[in-house]
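Following: one structure in structure tokens, then a few remarks.
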Amino acid sequence: MSHQQLYQPAPGPGAPTYGTAQGSGAVPAYGSSPATLVHWVVPSGRSWQSITAGYVALFAIFIWPLGPVALGLGAWAFARARHGGHGRGRATFAVIVGAVTTLLLLLVLAYTVKG
């Protein structure tokens, strides 16, 4: 591989950007492109269901009774993301954490009732 192939210049002003139609000239909203830091830090461009599900799942790691809530919100957010919305990663996180914490909650409740 030559030096020219390894170090190619960045695309010019006419190059299409992520999330825009070829040649439309539309600029994506601030933070909606994965090329920006804001996209990865601030939950922009996602449904409120996926944002809420992600935060509830994060709290459910420490407060297990929130597990079923995170599971339900995660399923709702995942269904919404499947129909054209963003936030599938947060929804998946909420479903997994919600299922695990719900299972742990049920095990603790069964142990305390039995014991």
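The values are calculated or read from the model by the stated rules, or taken from the named source; none is laboratory data. Predicted, not measured: the structure shown is a model, and the values here were computed from it. In this analysis, Cβ positions are derived from the backbone assuming ideal geometry, glycine residues included, and neighbour counts consider all displayed protein chains.
Anything in segment 78-90 that is buried (at least 20 other Cβ atoms within 10 Å of the Cβ), assigned to a helix (DSSP H, G or I) and in contact with a Phe, Trp or Tyr (Cβ under 9 Å, 6 or more places away or on another chain)? List them, or say none. Hit for segment 78-90 is Arg90, nothing else. For residues that are hydrophobic (A, V, I, L, M, F, W, C) and farther than 19 Å from Leu104 by Cβ, scanning just segment 45-77, find the one that is surrounded by the fewest Cβ atoms within 10 Å (Cβ to Cβ). Looking at the filtered set, the residue picked out is Trp48.
Could you list all residues from segment 58-77 that are in a helix (DSSP H, G or I) and of a type in the set (Val, Ile, Thr)? Correct list: Val69 only. Taking first residues from segment 29-46 that are under 16 Å from Gly89 (Cα atoms) and partners that are among the polar types (S, T, N, Q) and modelled with pLDDT of 65 or more, no Cβ contact under 6 Å between residues at least 6 apart in sequence or on separate chains turns up.
For segment 91-115, filtering for residues that are among the hydroxyl-bearing types (Ser, Thr, Tyr) and either within 7 Å of Gly67 (Cβ to Cβ) or assigned to a loop (DSSP other than H, G, I, E, B) (or both) leaves 2. Within segment 44-75, the residues that satisfy the criterion of being of a type in the set (Phe, Trp, Tyr) and under 13 Å from the mean Cα position of the chain (by Cα) are Trp48, Tyr55.
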